[in-house]
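Student: Let me begin by handing over the structure; questions about it come next.
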Amino acid sequence: MERHWKWVLIVGILALEANAAVNDTATLRQYRYDYGLFNASLELATEVITTDSLGKEGSVVQSKHEPHLIRSSVIFGLTKVANESNVNPSCHSHLKQVQRGILNKQPWAMKVLDASGTKPSGFVFGQNYWLGSREACRGVQGPVGITLSRNYERVMHYSILTQSAPFGMDYRVIYLRHRSPWQVEIKVMSEQVLHIGLCLPSACGSEEVKQLTRDYVAGGSFAEDDIYDMKPEVLYMKDLQLRESFFQRLTFRLVVAAILVTGALMLCAQQLRVAKRGDDPDPGLAPVESEIWQALDSLLKKQPLQNIVSCFDVADNWRKISAMRPNQPGEIPIMNGLRSVCAIWILIFHVVWYMYFTVHNKTELLSYAEKVFFQYVSTAPLLVDVFFTISGFLQTYNFLRNAKQLEAVRGNGLWGNVKLFGKLLFHRYLRLGPLYLVVMGSVDLAFAYIGDVSVFHINERFDELCHQHWWRNLLFIQNLFDHREMCANWSWSLACDMQFFLLANIVLFIYAKHPKLAKGLTVSGLLATITWSYGIGITNKFEFSFDSTYATGTQIYTSPFVRVLPYIVGAMAAWCLQEQRFQVELSERQTRRLWHLSLQVFLGCIYSTVKRDLGHLITISLFVLGRALFSLTVCWMIVGSATGSGVWWSRLLEAKCFQHLNRLSYAIYLLNPLVIALVYSLTSTSSAADPFLLSVVCCGFTMIVYVASIAFSLAFELPYSNLSSLLLKGKPKTS
């Protein structure tokens with residue numbers, strides 16, 4: 001009996017579960033049916049409903065929402081001004097379907113409305129990025145790839161995930177220049193450009209959309225134009241597609257050729273290394289590859305070719321870059337730390353500088369830059385004087401220490417010294433030129449690329465400037481022209497350095513034969529640059545404000561006649577050290593005080609621009625005399641390190657780890673603006689300037705630039721430096 005009741009209980013439970021399963025299945029089927037019916041009805045409504053056939057309820061919807069949409073939504077406004085006379089038939093039909101879909105709240109059309117830009121808050125302080133959402137526009141073109149569980153109730157139309165537009169849609173950006181007096185005008189490039197993202201039918205051409213936008217803003221329907229007095233003017237439009245002309249650019253072919261040739265030389269260097277080790281070829285190589293290796297091996301048996309190919313040995317070059325060894329006699333170790341720290345410091349400045357063109361609170365970003373705490377970032381361009389001081393010091397120091405070269409100059413006639421001068425210039429160009437030219441080509445390609453695909457208006461079109469003015473960079477004279485017309489405008493300091501190198505060598509050649517004349521020329525040059533700087537500063541009413549600094553960039557910031565001051569100071573310090581014209585006996589305590597005083601003066605010069613609205617005479621005096629004092633502090637650090645004195649913080653700058661960073665400093669200097677501008681330009685939306693986020697971004701950019709600098713140094717800097725040493729001394733440098 002008991003067993004019978006157990007069987008009855010089991011059968012009952014199974015029957016209940018089966019019934020529940022049937023009910024659940026029926027419920028799910030009904031849910032799916034309702035869901036599919038809802039989508040089908042929406043799609044059918046999209047095709048059937050027309051403006052003339054709207055029912056009573058549709059008319060209410062239209063009258064309720066249409067006036068607001070016309071004034072607040074650019075995409076809806078374009079659908080209203082479109083007619084058969086200003087767009088092609090397909091575009092007209094599709095735009096009208098978008099209009100009807102929005103008024104009747106079709107899911108795909110609501111996504112079009114949502115993906116297109118409208119005015120956000122923050123316009124007064126620089127919010128000109130009405131970009132909408134590029135990703136949301138992709139969601140109009142096809143179903144969104146996301147899985148949601150059916151176990152939970154959601155207050156949503158599931159069709160917004162699955163329903164697509166009945167025709168092709170593209171995300172594009174149209175740019176309008178406004179003239180609103182209700183936005184802070186900073187006068188640093190063209191910040192008054194509205195970026196309006198639109199999710200548009202693919203059938204509409206860019207010229208048609210531009211004309212529709214002109215009609216829309218001219219008709220007074222642009223609501224924001226009324227209250228903010230924008231008076232917008234249509235500039236151009238982007239479809240964000242890379243054009244075929246990108247691959248036809250001469251720089252594309254040259255950069256690809258440089259990469260292929262360098263890669264082939266590196267491969268040959270590796271094969272030469274294997275051959276010298278006596279290793280057998282890899283038995284796993286295919287016959288064709290074996291023949292290639294054998295041909296390379298026979299070719300590389302020629303000694304002159306071996307020497308050249310060895311310059312491209314990746315393993316050897318990496319050891320030179322990464323080597324950290326004890327300081328050798330005659331070296332000045334603090335230079336490694338100064339160069340490395342200043343290179344990273346300027347990189348951080350460039351992170352903030354290029355962020356300016358992608359943030360929607362530009363005014364707040366500049367207000368941060370004027371605060372006391374952030375002066376170390378906003379005045380980082382002053383650190384370029386550290387490099388000029390070091391260059392002037394090393395140029396003079398190495399020349400005066402090279403007794404053999406001094407004797408050659410003294411013994412040569414005019415033609416002999418001209419040939420020696422040309423030889424020195426050739427080797428300097430060989431060391432600096434290859435990496436510089438490859439980066440210049442990369443800049444041209446990168447800005448051509450972002451000019452096509454970036455959502456941002458690119459004010460500095462280096463792809464156009466490099467195409468027009470490449471010869472200026474090739475001759476290192478780009479800083480003699482307007483700073484707005486420079487290809488890779490951050491290379492102005494490299495041009496200055498090359499020009500100062502030429503002038504310094506001329507004076508040093510004169511010094512070898514006529515010391516008094518050379519000294520007179522140096523002092524005259526120092527007084528001339530101070531006088532010139534004062535004259536230019538007063539004439540142009542120079543101020544430390546950002547708009548004034550940018551406006552006077554050509555006359556003051558990039559001018560070699562102004563920037564030569566620290567180079568001359570560094571050269572004079574090297575002459576004093578090498579010729580031992582001053583020997584002052586100082587106690588250890590006095591030396592320590594001078595070291596700390598030099599640091600205080602160094603930081604004081606960095607923070608001297610905390611007040612930016614001083615008079616013109618005071619401002620230019622701070623600029624000229626402050627830079628002279630700044631260079632003197634750097635010279636004290638160099639001379640102190642050379643003579644073996646120092647304090648705890650100078651010992652930190654002499655640490656061995658800075659040897660590695662110093663070898664990469666040239667590549668870091670050339671590459672960091674390119675990398676930073678490229679990354680910022682490829683983001684899909686604007687960002688806000690935030691100090692904490694900025695610190696994280698700076699760390700990320702530092703690592704990216706560091707890795708890129710290693711790659712470019714191994715490929716395009718160190719091999720040619722080795723080749724220069726090979727031509728000068730018969731073998732590559734070992735350190």
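The values are calculated or read from the model by the stated rules, or taken from the named source; none is laboratory data. Bear in mind that the values here come from a model prediction, so they are computed numbers and not experimental data. All Cβ positions, even for glycine, are placed from backbone atoms using ideal geometry, and neighbour counts span all protein chains on display. What goes into the accessible areas is simple: the full protein's heavy atoms, side chains included, and nothing from ligands, DNA or RNA. Shrake-Rupley method; radii C 1.70, N 1.55, O 1.52, S 1.80 Å.
Student: Quick check on my filter: what residues within segment 74-96 are open to solvent by 40 Å² or more (accessible area, probe 1.4 Å) and part of a loop (DSSP other than H, G, I, E, B)?
Tutor: If the condition is that a residue be open to solvent by 40 Å² or more (accessible area, probe 1.4 Å) and part of a loop (DSSP other than H, G, I, E, B), then Asn83, Glu84, Ser85, Asn88 are the ones that fit.
Student: I've got another one for you. Can we say Gly219 is open to solvent by 40 Å² or more (accessible area, probe 1.4 Å), touching a residue at least 60 places away in the same chain (Cβ under 8 Å), closer than 26 Å to Ser93 by Cα and among the small types (Gly, Ala, Ser)?
Tutor: Against the criterion (open to solvent by 40 Å² or more (accessible area, probe 1.4 Å), touching a residue at least 60 places away in the same chain (Cβ under 8 Å), closer than 26 Å to Ser93 by Cα and among the small types (Gly, Ala, Ser)), Gly219 qualifies.
Student: Being open to solvent by 40 Å² or more (accessible area, probe 1.4 Å), modelled with pLDDT under 85 and part of a helix (DSSP H, G or I) is true for just one of Asp316, Asp297. Which residue is that?
Tutor: Asp297
Student: Report the residue count in segment 438-463 for those that are without any contact (Cβ under 8 Å) to a residue 60 or more places away in the chain and farther than 30 Å from Ser133 by Cβ.
Tutor: 1
Student: Which residues, taken from segment 434-468, are open to solvent by less than 30 Å² (accessible area, probe 1.4 Å) and of a type in the set (S, T, N, Q)?
Tutor: If the condition is that a residue be open to solvent by less than 30 Å² (accessible area, probe 1.4 Å) and of a type in the set (S, T, N, Q), then Ser442, Ser454 are the ones that fit.
Student: So Leu285 passes all but one of these: (1) modelled with pLDDT under 85; (2) part of a helix (DSSP H, G or I). Which condition number does it fail?
Tutor: Going through the list (1) modelled with pLDDT under 85; (2) part of a helix (DSSP H, G or I), Leu285 breaks only (2).
Student: So which residues in segment 370-394 are within 15 Å of Pro691 (Cβ to Cβ), touching a Ser or Thr at 6+ places or on another chain (Cβ under 8 Å) and surrounded by fewer than 20 Cβ atoms within 10 Å (Cβ to Cβ), if there are any at all?
Tutor: Scanning segment 370-394 gives Glu370, Gln375.
Student: When you go through Met230, Met189 one by one, which is the residue that is touching a residue at least 24 places away in the same chain (Cβ under 8 Å), over 17 Å from Val98 (Cβ atoms) and surrounded by 22 or more Cβ atoms within 10 Å (Cβ to Cβ)?
Tutor: So the residue among Met230, Met189 that is touching a residue at least 24 places away in the same chain (Cβ under 8 Å), over 17 Å from Val98 (Cβ atoms) and surrounded by 22 or more Cβ atoms within 10 Å (Cβ to Cβ) is Met230.
Student: Of Arg401, Arg431, which residue is out of contact with any Phe, Trp or Tyr (no Cβ under 9 Å at 6 or more places or on another chain), in contact (Cβ under 8 Å) with a residue 24 or more places away in the chain and surrounded by fewer than 22 Cβ atoms within 10 Å (Cβ to Cβ)?
Tutor: Arg401
Student: Kindly establish whether Leu347 is within 21 Å of the chain's Cα centre (by Cα) and not β-branched (Val, Ile, Thr).
Tutor: So Leu347 passes the test.
Student: Search segment 192-211 for residues being among the polar types (S, T, N, Q) and not in a loop (DSSP other than H, G, I, E, B), and hand back the single one that is least open to solvent (accessible area, probe 1.4 Å).
Tutor: Ser206
Student: Here is a further query. Report yes if Leu305 is surrounded by 19 or more Cβ atoms within 10 Å (Cβ to Cβ) and assigned to a helix (DSSP H, G or I), otherwise no.
Tutor: Answer is no for this residue.
Student: On to the next question. Answer yes or no as to whether Gly644 is at positive phi and free of Cβ contacts under 8 Å to residues at least 40 places away in the same chain.
Tutor: Judged against the criteria, Gly644 is a match.
Student: So, of the residues in segment 323-342 that are over 16 Å from Leu394 (Cβ atoms) and of a type in the set (A, V, I, L, M, F, W, C), which turns out to be least open to solvent (accessible area, probe 1.4 Å)?
Tutor: Ranking the qualifying residues of segment 323-342, first place goes to Ala323.
Student: Can you pull out every residue in segment 626-649 that is open to solvent by 30 Å² or more (accessible area, probe 1.4 Å), assigned to a helix (DSSP H, G or I) and not small (Gly, Ala, Ser)?
Tutor: Residues satisfying the conditions are Leu629, Leu632, Trp636, Trp648.
Student: Restricting attention to segment 222-237, does a residue exist that is hydroxyl-bearing (Ser, Thr, Tyr), in a helix (DSSP H, G or I), touching a helix residue (DSSP H, G or I) at 6+ places or on another chain (Cβ under 8 Å) and under 19 Å from Asn83 (Cβ atoms)?
Tutor: No, segment 222-237 contains no residue that is hydroxyl-bearing (Ser, Thr, Tyr), in a helix (DSSP H, G or I), touching a helix residue (DSSP H, G or I) at 6+ places or on another chain (Cβ under 8 Å) and under 19 Å from Asn83 (Cβ atoms).
Student: Are any residues in segment 210-239 out of contact with any Leu (no Cβ under 8 Å at 6 or more places or on another chain) and among the polar types (S, T, N, Q), and if so, which ones?
Tutor: Gln211, Ser221
Student: Okay, next question. Out of Asp452, Asp463, Asp385, report the one residue that is closer than 17 Å to Pro673 by Cα, of a type in the set (Asp, Glu) and modelled with pLDDT of 90 or more.
Tutor: Within the list Asp452, Asp463, Asp385, the selection yields Asp463.
Student: Quick one: count up the residues across segment 140-153 that are modelled with pLDDT of 85 or more and either basic (Lys, Arg) or touching a strand residue (DSSP E or B) at 6+ places or on another chain (Cβ under 6 Å) (or both).
Tutor: Residues that pass the stated criteria total 2.
Student: Give just the number: which of (1) outside any strand (DSSP E or B); (2) of a type outside the set (Lys, Arg); (3) surrounded by 13 or more Cβ atoms within 10 Å (Cβ to Cβ) does Tyr152 not satisfy?
Tutor: (3)
Student: Looking for something in a helix (DSSP H, G or I), aromatic (Phe, Trp, Tyr) and open to solvent by 50 Å² or more (accessible area, probe 1.4 Å) - is there at least one such residue anywhere in segment 475-498?
Tutor: Among the residues of segment 475-498, not one is in a helix (DSSP H, G or I), aromatic (Phe, Trp, Tyr) and open to solvent by 50 Å² or more (accessible area, probe 1.4 Å), which makes the answer no.
Student: I'd like to know if segment 650-661 contains one or more residues that are touching a Ser or Thr at 6+ places or on another chain (Cβ under 8 Å) and open to solvent by less than 20 Å² (accessible area, probe 1.4 Å).
Tutor: So far as segment 650-661 goes, yes, one or more of its residues are touching a Ser or Thr at 6+ places or on another chain (Cβ under 8 Å) and open to solvent by less than 20 Å² (accessible area, probe 1.4 Å).
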